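A quick write-up on the structure given underneath.
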Amino acid sequence: MGNKIRVALVDDHSAVRAGFRLLLESSGEVEVVAEMDDGEAINQQIGTLQADLIVMDLSMRGMGGLEAIKRVRLKNDRIKILVFTMHDNVAFVDQALEAGANGYITKSNAANVLVEAIKQVITQGSWIEPKLKEQMTLNKDLGVGSVLSNLSRREFQIFGRLAQGLSAQAIADELSLSVKTVANYQTQIKDKLGVHTTADLVKLALANGVIQM
């Protein structure tokens, strides 16, 4: 590949960005042209961003990765997006791809394959971490899937925050919604997931890897 791939890193931990900038640039094939610490920043800068690909975390303060992917896609349908996250559950992969991501990699495996994943997304159009892709294929073959796949993107965002113990007010402030809207979503989420209490919701989130103890 003659020209270096221009990459923007979006993660709310500066140490993570610094470490992976070093990893990427030491490959000699990637140039990190921008760093941002949240979804709002990439959303504001996408119009002038001179990058081929965005490496983006999902779990960030404020807007968060899923909503940021959706908004980036509305403004730029050509730039590639590789999700880079701690979540190793296919429910997150499904949500990310639906939002408009081209690839998905977990941070636990990133040191080994991040450069290759970036190259594959650029040249082939997509790349999903093998173990997750295998699980997605198996689920499809068996006709099964995570119960969380029933949730819309916004419901999934709110579900994760409820499971983390955030109040309706805190979620409303973080996502720029009214408390009433969050409460309505909370009811819809519980109905869709077949749970009745917040404790049940937390158990489901733990079982599906949405949160960790």
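Bear in mind that the values in this text are calculations on the coordinates, not laboratory data. Being a predicted model, the structure only gives us computed values, none of them experimental. Don't worry about glycine lacking a Cβ; one is built from the backbone with ideal geometry, like all the others, and counts go over all protein chains shown.
Overview of values
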item: Residues listed by number, region 52-73, amide nitrogen under 20 Å from ASP173 label point at 7 Å toward C-beta; result: 60-65
item: For GLU31, distant residues with modelled amide H under 5 Å away; result: ILE5, ARG6, VAL7
item: Backbone HN-Hα couplings from phi across region 113-123 [Karplus 6.51/-1.76/1.60, Hz, Gly and Pro as x]; result: 10, 4, 4, 5, 4, 4, 4, 5, 5, 5, 8
item: Amide H within-cut-off set for PHE84, under 5 Å, with H built and near neighbours excluded; result: MET56, ASP57, LEU58, ILE105
item: Relative contact order [Cα under 8 Å, 6+ residues apart], region 5-140, whole percent; result: 21 percent
item: Mean projected area in nm² (Cα convex hull; one quarter of hull surface) for region 5-140; result: 7.3 nm²
item: Kirkwood hydrodynamic radius (C-alpha pairs) into Stokes-Einstein, region 9-81, 4 °C and 1.567 mPa s, D in µm²/s; result: 105 µm²/s
item: Other-chain or far-sequence residues with amide H under 5 Å of MET63's (modelled H); result: GLY39, GLU40
item: Gain upon complete extension [GLU29, ARG61; 0.36 nm per residue less C-alpha separation]; result: 8.5 nm
item: Cα-Cα over 21 Å, subset of LYS4/LYS80; LYS131/LYS203; LYS80/LYS119; LYS4/LYS119; result: LYS131/LYS203
item: Computed [θ] at 222 nm, helices only, for the chain once each DSSP H run of length n ≥ 4 contributes -39500 (n - 2.57); result: -16500 deg cm²/dmol
